[in-house]
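Q: One structure, pasted below without further comment.
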Amino acid sequence: MDLNYTAEELAFQQEVRAFMEEKLPKRLADKVKHHKRLTKEDMVEWHAILNSAGYLTGHWPKAFGGLEWNAIERTIFDEEMTAANGPRQVPFGLNMLAPVLMAFGSPEQQQYYLPRIADGQDFWCQGYSEPGAGSDLASLKMTAQRDGDHYVLNGQKTWTTLGQYANKIFCLVRTNKEGKPQEGISFILVDMDTPGVEVRPIILLEGTHEVNEVWFTDVRVPVENLVGEENKGWTYAKYLLVHERSGIAGVGAAMAGLSYLREIAQDQQKDGKPLLEDPFFAARLSEIEIDLAAMRTTNLRITQADNDGAPPGPETSMLKVKGTVLRQSINDLTRRALGPYAMPFVSEALDAGYNEEPIGPDYANPIAGDYFNHRKTSIYGGSNEVQRNIISKMMMGL
Amino acid sequence: MLADMAGRFVREQYPIDTRHEHAAAELGFSRESWAEMAELGLIGALFREENGGFGGTGFDIALMFEEIGRGLVVEPFLANLLGGTALAHGSDSQKEIVEAVIGGETLLAFAHGEPTGRYDLAHVHTTAKPTADGYVLNGNKSVVISGDSADFLVVSALIEGDQPNEEDVTLFLVPADQDGVHRRGYPTIDGYRAAEIALKDVVVPADAMIGAKGQGLSIVHDVVARGTLAVCAEALGAIDAAIDLTLEYLKTRKQFGVPIGKFQALQHRMADMMTEREQIRSGVINAAGHLDATAGERDWHISALKNLVGRSGRMIAEESIQMHGGIGMTWEYAVGHYAKRIVMIDHLFGDVDYHLERIIKLGKAA
Ligand SMILES: Cc1cc2nc3c(=O)[nH]c(=O)nc-3n(C[C@H](O)[C@H](O)[C@H](O)COP(=O)(O)OP(=O)(O)OC[C@H]3O[C@@H](n4cnc5c(N)ncnc54)[C@H](O)[C@@H]3O)c2cc1C
């Protein structure tokens with residue numbers, strides 16, 4: 001394969017780089033770089049900036065207002081944006097719901113919802129998981145019962161990321177209890193301010209609020225909010241899982257994390273010299289660099305196959321497993337780089353407007369919390385065990 | 001036995017919610033609980049009889065801290081073990097303070113590490129300038145465990161110069177409310193407390209010196225050896241608890257119609273975790289048994305243990321969360337708190353790499 005970008009690709013890279021330099025607010029880049037908490041307003045602001053250049057929906061087909069980026073262009077965009085410390089896009093509407101609507105939604109749904117995702121009128125969250133249905137998602141229990149021209153929803157979703165900010169949630173619900181569990185699931189769009197929807201926070205182990213429980217009690221949803229056909233929701237959800245390979249490896253995030261780690265290790269002292277020069281530390285850092293260099297090419301190879309129209313396969317699972325483990329190892333080494341200053345943790349200091357002197361180096365406070373928080377990446381989006389099961393089933397022929 | 005008593009206390013009176021309440025209090029722990037623990041003799045178990053205690057061997061310390069780890073106890077056992085061990089090298093009146101520590105009345109903290117010193121024990125820049133009748137201390141001490149609540153600080157300083165010099169390190173006992181002692185307390189990510197301490201022209205009398213001039217570093221090595229054993233045993237207790245919770249979860253959580261523990265992919269990893277736990281337990285025994293051996297032997301076993309706990313502890317902590325799925329990521333469920341403590345112990349008294357390097361320098365096991 002050709003490892004070099006084409007002239008057009010290089011030009012695109014320059015374009016994105018210039019955009020980030022000009023349009024990415026320093027305030028946001030600083031927050032991202034220093035692992036501070038982003039507010040809803042920050043996320044909305046950044047989406048609007050990206051949208052002003054068409055970048056927010058760059059990967060969408062032209063028919064839906066996108067730029068029809070191919071996988072290479074998406075990779076370039078992702079690498080440039082993360083290198084500049086641009087906030088990661090909120091994926092739920094943009095990358096999870098939109099492709100489903102494009103493939104299976106009605107023309108009315110497409111015309112109504114897609115522009116609202118692009119211009120930020122809607123903030124979506126994803127209502128798949130339930131307390132009893134995690135890896136075994138098909139066992140989900142939340143029901144939607146037809147009543148005239150409404151569905152009546154009852155049940156509970158959980159782990160709903162950013163549910164506290166969202167005004168809309170797309171849900172997998174049970175519309176048929178007979179037969180195979182997969183065959184009784186429907187995909188439905190719900191307004192979060194419908195009576196009977198209640199959001200309760202779940203606090204993560206390092207003290208942040210990013211996920212929620214969402215409870216549904218007799219929530220009446222118009223039938224036109226059903227996506228596609230009743231009882232076909234599982235197929236739509238699966239479609240998304242196999243087609244969403246771009247970005248899953250998180251190469252851009254890994255590169256940004258690694259360069260931040262180098263910066264920290266240059267500043268940290270060990271025996272009067274930068275930690276970066278310590279052979280023990282350098283060995284660990286180099287191993288990560290070796291993995292990342294290979295990962296970057298693995299990612300390109302797999303996404304290029306996507307461009308060439310090869311059917312998506314279990315390679316996506318490889319990207320998920322290797323990508324998350326790699327980023328977690330960067331978080332781990334960053335924590336270690338701090339020495340004793342990994343311990344202090346002042347939660348308020350992660351919010352904007354905190355003006356007190358930092359404890360120890362100014363980059364130290366969020367690092368350990370981040371390490372713990374990122375343990376989630378090997379759990380959500382199909383746990384790494386589930387991904388390995390997919391690889392085993394589909395590639396080994398055992 | 002005292003360790004059994006500690007175990008019972010933790011099981012019966014120290015559920016995780018109580019622990020979180022103590023941690024969230026302004027002090028970062030409960031004074032009442034501390035008094036009760038003192039009453040039960042749990043603090044005394046860490047010190048030898050000659051210092052007013054009823055224990056003080058490696059095994060006494062290890063057994064006690066294993067229980068502390070099982071309960072994620074936030075009361076300041078570690079800081080007082082460190083401070084008390086230092087004072088045990090001191091004058092008779094300083095040893096009397098150890099008795100007050102054992103009684104739960106007086107609190108100590110060990111103010112040794114400095115801002116850019118990382119884990120290097122000889123990295124002391126703080127100075128103690130001799131005056132006619134004492135010393136004047138100046139310098140900065142970093143991440144002093146339980147430093148914000150202590151009544152007295154054990155401070156390391158240089159008398160002759162102001163650049164690190166192993167022969168010049170000397171320890172001093174400083175009342176924490178002395179003029180010129182500025183403390184900034186804060187929480188740690190795993191629920192404990194520490195402080196940054198600035199010493200600005202702090203005047204102490206001549207008899208504030210602990211041990212002899214220039215003897216500081218050898219006392220520090222004794223203190224840190226005991227502290228390292230203690231936190232490794234604490235990690236073992238936390239590992240026990242994390243493994244118990246995970247095993248229970250594998251048996252009760254059902255997905256795909258079966259308990260997730262039926263999946264061999266998880267069984268094998270659980271098997272590895274349990275094996276590593278036994279390795280760590282053996283490491284604790286080795287280190288406890290050599291705590292009062294020659295410095296070389298002691299340090300080899302201490303470093304071997306700390307490296308092992310850093311490596312395998314991290315694996316066990318991460319796997320415990322992973323095998324719980326989403327629930328393992330929550331504040332409300334205990335396993336994440338055990339994981340945090342286990343991992344953050346890597347940042348006390350030297351991490352995996354620090355001890356690997358030290359093992360290499362020390363050479364073969366004595
Ligand atoms: C921070 C965070 C954010 C999330 N955001 C969202 C969101 O926005 N929307 C949403 O719908 N969901 C979200 N999730 C939920 C996530 O998708 C689930 O946590 C995930 O599917 C795992 O399910 P579970 O937590 O129930 O774990 P379980 O499925 O109970 O798994 C427990 C353990 O068993 C393992 N396991 C399960 N089955 C097998 C098997 N067959 N073989 C081997 N091992 C197995 C798992 O890998 C895991 O280690 C989020 C989760 C987290 C932690």
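Q: Quick one: what does P(r) look like for chain A with 20 Å bins over all Cα pairs, in whole %?
A: 25, 58, 17, 1
Q: To continue, here is another question. Rounded to a whole number, what is D in µm²/s for chain B from Stokes-Einstein with the Kirkwood radius over alpha-carbon pairs (37 °C, 0.692 mPa s)? Mind showing how you got there, number by number?
A: On the way: Rh = 20.9 Å.
The calculation lands on 157 µm²/s.
Q: Could you state the angle between the C-alpha long axis of helix B:58-71 and the longest principal axis of the C-alpha atoms of chain B, as a value from 0 to 90 degrees rounded to the nearest 10?
A: The two axes meet at around 60 degrees.
Q: Taking the alpha-carbon distance from residue A:40 and a cut-off under 18 Å, which lysines remain once sequence neighbours fewer than 8 residues away in the same chain are dropped?
A: Here the lysines satisfying the reach criterion relative to residue A:40 are A:26, A:31, A:168.
Q: Provide a whole-number value for the mean count of partner chain Cβ atoms within 10 Å of the Cβ atoms in peptide A:158-166. Walk me through the numbers on the way to the answer.
A: Values: counts 2, 5, 0, 0, 0, 0, 0, 0, 0.
Whole-number average of other-chain Cβ neighbours for A:158-166 is 1.
Q: While we're looking at this one, here's another question. Counting only pairs 8 or more places apart or on different chains, how many lysine pairs in chain B have C-alpha atoms closer than 23 Å?
A: Number of lysine pairs found: 12.
Q: Based on other C-beta atoms within 10 Å, arrange B:221, B:123, B:347 from fewest to most.
A: Details: B:221 15, B:123 19, B:347 24.
Arranged by neighbour count, lowest to highest, B:221, B:123, B:347 become B:221, B:123, B:347.
Q: May I pose another question? Taking the 0 to 90 degree range and rounding to the nearest ten, how far is the long axis of helix A:251-267 tilted relative to the main principal axis of chain A, both from C-alpha atoms?
A: The answer is roughly 30 degrees.
Q: Semi-axes of the equivalent ellipsoid of segment A:167-312: what are they in whole Å, largest first, if each equals the square root of 5 times a C-alpha gyration tensor eigenvalue? All intermediate terms of the calculation are to be shown ahead of the outcome.
A: Values: eigenvalues 400, 117, 27 Å².
Over the Cα atoms of segment A:167-312, the semi-axes work out to 45, 24, 12 Å.
Q: Cα-based count: Lys pairs in segment A:250-394 below 19 Å, eight or more positions apart or different chains?
A: 4
Q: Over all residues in B:138-147, what is the mean tally of Cβ atoms on other chains that come within 10 Å of each residue's Cβ? Show your work: numbers first, answer last.
A: On the way: counts 0, 0, 0, 0, 6, 8, 1, 2, 0, 0.
Taking the mean over all residues of the peptide, I get 2.
Q: If you don't mind, another one. For segment B:124-277, build the convex hull from the C-alpha positions and give me its volume per residue in Å³.
A: Details: hull volume 21.5 nm³, N = 154.
Convex hull of Cα atoms, per residue: 140 Å³.
Q: Then there is this: Send over the Kirkwood Rh of segment B:31-112, from the inverse of the averaged 1/r over different Cα pairs, rounded to one decimal Å.
A: Numbers: mean 1/r = 0.0804 Å⁻¹.
Hydrodynamic radius (Kirkwood, Cα pairs) of segment B:31-112 is 12.4 Å.
Q: Can you pull the semi-axes for the protein assembly as shown, root of five times each eigenvalue of the Cα gyration tensor, sorted largest first, whole Å? List each step's numbers first, then the result.
A: Working: eigenvalues 537, 163, 112 Å².
Working from the Cα gyration tensor, I get semi-axes of 52, 29, 24 Å.
Q: Any idea what angle helix B:216-252 forms with the longest principal axis of chain B, computed on alpha-carbon atoms, 0 to 90 degrees, nearest 10?
A: 20 degrees
Q: Over segment B:250-304, consider all pairs of different Cα atoms and compute the Kirkwood hydrodynamic radius from their mean reciprocal separation; express it in Å, one decimal.
A: On the way: mean 1/r = 0.0738 Å⁻¹.
One decimal place: 13.6 Å for the Kirkwood radius.
Q: OK, next. Å³ per residue of the Cα convex hull, for segment A:250-394?
A: Working: hull volume 18.4 nm³, N = 145.
In segment A:250-394, the Cα hull volume divided by residue count equals 127 Å³.
Q: Which net charge results when you count Lys and Arg as +1 and Asp and Glu as -1 among the other residues whose beta-carbon is under 9 Å from that of residue B:345?
A: Numbers: positive: B:306, B:341; negative: B:190, B:234, B:346.
In short, -1.
Q: Report Rg/Rh for segment A:111-223, rounded to two decimals, where Rg is the Cα radius of gyration and Rh the Kirkwood radius. Display every interim value, and only then the final one.
A: On the way: Rg = 14.2 Å, Rh = 14.5 Å.
When Rh is taken as the Kirkwood radius, the ratio is 0.98.
Each value in this text was obtained by applying a stated rule to the coordinates, not by laboratory testing. Source: prediction; values computed, not measured. Note: ideal-geometry Cβ built from the backbone for every residue, glycine included; neighbour counts use all protein chains shown.
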